[in-house]
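The values are calculated or read from the model by the stated rules, or taken from the named source; none is laboratory data. These figures come from a predicted structure and were not determined experimentally. Methodologically, a virtual Cβ is constructed for each residue, glycine included, from the backbone with ideal geometry; neighbour enumeration extends over all protein chains shown. To get the accessible areas, we keep the full protein, side chains included, count just its heavy atoms, and leave off ligands, DNA and RNA. Shrake-Rupley method; radii C 1.70, N 1.55, O 1.52, S 1.80 Å.
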Amino acid sequence: SGNDREGAQYIGSTYYAQGEGASGTAETVDQFKGSGILPSQYDLTDSRLYPKPLAKCHWQIDITIGGLDFPRIGDVGGPEKKPGMTLPGISGASINGWKWSGDPRFAWVLKNRNLRDGFSEDEWSRIEKAAATVPRAPWLSLRSRQVYNWFGALEAGLEHDDPSLRRSAYLRTGAGIGHEHHDALDLQYFILGLPMTIDG
């Protein structure tokens, strides 16, 4: 209940929200599945009962701006932070996201980042088949969108895989507590592969 409906904590910083949210709690509980210790009504990986842990896995992909950057909201978003800094976090989110949903977007990440450890041969075969249905990195196909409690983004140049040929404008639309800044309605641009306006 301490997370918004995207599964991220109300911490007001996209950087800090990377590692803080509902998916981490669900991952801890997941190890008890099948042991007889965990009653099914407390299985936090069941997205029908508890949608926030899986939503946090999607959030990790959906916050990518212009095919590369992260929304510079709250703490740790200054101009010295390299575009693409948060893309590695998609790997861990995809492991959980695939286990909990079977979404092909997560399969693409697992296959193309060679995250095979811990998956059986049969499971990896399913991952490869699902990944084949996704034409490119899922963060390159993000259209204009609203990410609840975080931002609304207008995306252009989606036909390009090269972030330097894309454009994005986004507006801070949420609120947070802890690592937030006074950035309500902050308008930022990502053009030519670089953030153009940063209020760090």
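Below is a table of values for the structure above.
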{"read-out": "Subset of the range 45-66 that is more than 13 Å from Y170 (Cβ to Cβ) and outside any helix (DSSP H, G or I) - its residue that is most open to solvent (accessible area, probe 1.4 Å)", "value": "R48"}
{"read-out": "L142 being touching a strand residue (DSSP E or B) at 6+ places or on another chain (Cβ under 8 Å), closer than 24 Å to G24 by Cβ, open to solvent by less than 20 Å² (accessible area, probe 1.4 Å) and modelled with pLDDT of 95 or more", "value": "yes"}
{"read-out": "Where a residue in the range 124-144 is over 11 Å from V109 (Cβ atoms) and its partner, wherever it lies, is open to solvent by 10 Å² or more (accessible area, probe 1.4 Å) and acidic (D, E), with Cβ under 7 Å and at least six apart", "value": "R136/D161; L140/D161; L142/D62; L142/E155; R143/E155; S144/E155"}
{"read-out": "Checklist (1) of a type in the set (D, E); (2) open to solvent by 40 Å² or more (accessible area, probe 1.4 Å); (3) touching a helix residue (DSSP H, G or I) at 6+ places or on another chain (Cβ under 8 Å) applied to E80, failing item", "value": "(3)"}
{"read-out": "Within the range 117-174, tally of residues that are closer than 20 Å to T197 by Cα and of a type in the set (G, A, S)", "value": "9"}
{"read-out": "Subset of the range 4-30 that is within 19 Å of A184 (Cα to Cα), of a type in the set (S, T, N, Q) and in contact with a Phe, Trp or Tyr (Cβ under 9 Å, 6 or more places away or on another chain) - its residue that is surrounded by the most Cβ atoms within 10 Å (Cβ to Cβ)", "value": "T14"}
{"read-out": "Long-range neighbours under 8 Å by Cβ, at least six apart or interchain, first residue in contact (Cβ under 8 Å) with a residue 60 or more places away in the chain within the range 47-76, second basic (K, R) and open to solvent by 20 Å² or more (accessible area, probe 1.4 Å)", "value": "I61/R105; D62/R145; G66/R167; R72/K81"}
{"read-out": "Which listed residue is of a type in the set (G, A, S), open to solvent by less than 30 Å² (accessible area, probe 1.4 Å) and touching a helix residue (DSSP H, G or I) at 6+ places or on another chain (Cβ under 9 Å), from S94, S101", "value": "S94"}
{"read-out": "Scope the range 146-198; condition of a type in the set (S, T, Y) and closer than 30 Å to K52 by Cβ; matching residues", "value": "Y148, S168, Y170, T173"}
{"read-out": "Unique match (being more than 30 Å from A184 (Cα to Cα), more than 11 Å from the chain's Cα centre (by Cα) and assigned to a helix (DSSP H, G or I)) among K33, K99", "value": "K99"}
{"read-out": "Restricting the range 163-198 to residues that are free of Cβ contacts under 8 Å to residues at least 24 places away in the same chain and assigned to a loop (DSSP other than H, G, I, E, B), the residue that is surrounded by the most Cβ atoms within 10 Å (Cβ to Cβ)", "value": "T197"}
